[in-house]
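I have placed the structure first, in the form of structure tokens, so that the comments after it can refer back to it.
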Amino acid sequence: MVEQAHDNTGGNSDYAAVGGGPAVASVVELFYQKVLGDPQLAGYFENTDLARLKRHQVQLVSQVMGGPVSYEGADLAEAHQGRGITGEDFGKVVVHLVHALEEHQVPADIVGRVVTALGATQADIITAS
């Protein structure tokens with residue numbers, strides 16, 4: 001289950017505060033540029049339908065931020081099963097997302113709530129020591 005930052009009406013939410021769907025899509029695009037440019041992480045995305053993955057990530061971040069969007073991708077544990085993701089890898093992904101949010105001038109309190117929500121997913125994503 002993914003924790004949500006505020007309500008899912010999109011009106012009085014972190015999602016609305018950052019600029020809604022277009023802003024989240026821009027953050028996700030920058031995030032994947034960073035992740036795919038990271039030699040430690042890029043291999044996880046070989047043979048991956050990046051367009052589909054980005055759509056799911058936009059849905060996930062939108063939901064976490066309280067937007068009127070629901071994540072419709074695979075269960076996070078199922079999607080990451082067998083990928084051998086370590087705690088260090090997870091941490092690097094979070095850092096790249098934080099940097100993408102900061103480069104889009106997302107306020108620190110919203111970044112903090114997104115990081116807290118991501119932290120709640122850690123057990124579903126880390127599959128290796």
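A compact table of results
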{"quantity": "Any hit, the range 68-83, residues being under 16 Å from Asp38 (Cβ atoms), touching a Ser or Thr at 6+ places or on another chain (Cβ under 8 Å), of a type outside the set (A, V, I, L, M) and modelled with pLDDT under 95", "calculated": "yes"}
{"quantity": "Pairs with Cβ under 7 Å, 6+ apart, first in the range 83-105 and among the aliphatic types (A, V, I, L, M), second outside any helix (DSSP H, G or I)", "calculated": "Ile85/Ile126; Ile85/Thr127; Ile85/Ala128; Val93/Leu41"}
{"quantity": "Condition broken by Leu50, with the remaining ones in (1) of a type in the set (A, V, I, L, M, F, W, C); (2) over 15 Å from Ala117 (Cβ atoms); (3) buried (at least 16 other Cβ atoms within 10 Å of the Cβ) satisfied", "calculated": "(3)"}
{"quantity": "Tally of residues being among the hydroxyl-bearing types (Ser, Thr, Tyr) and free of Cβ contacts under 8 Å to residues at least 60 places away in the same chain across the range 29-82", "calculated": "4"}
{"quantity": "Residues within the range 58-75 that are surrounded by fewer than 17 Cβ atoms within 10 Å (Cβ to Cβ) and either of a type in the set (D, E, K, R) or not in a loop (DSSP other than H, G, I, E, B) (or both), tallied", "calculated": "2"}
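The values are calculated or read from the model by the stated rules, or taken from the named source; none is laboratory data. Computed from a prediction, not measured in an experiment: that's the story for all the values here. Cβ atoms come from the backbone with ideal geometry, glycine included; neighbour counts cover every protein chain shown.
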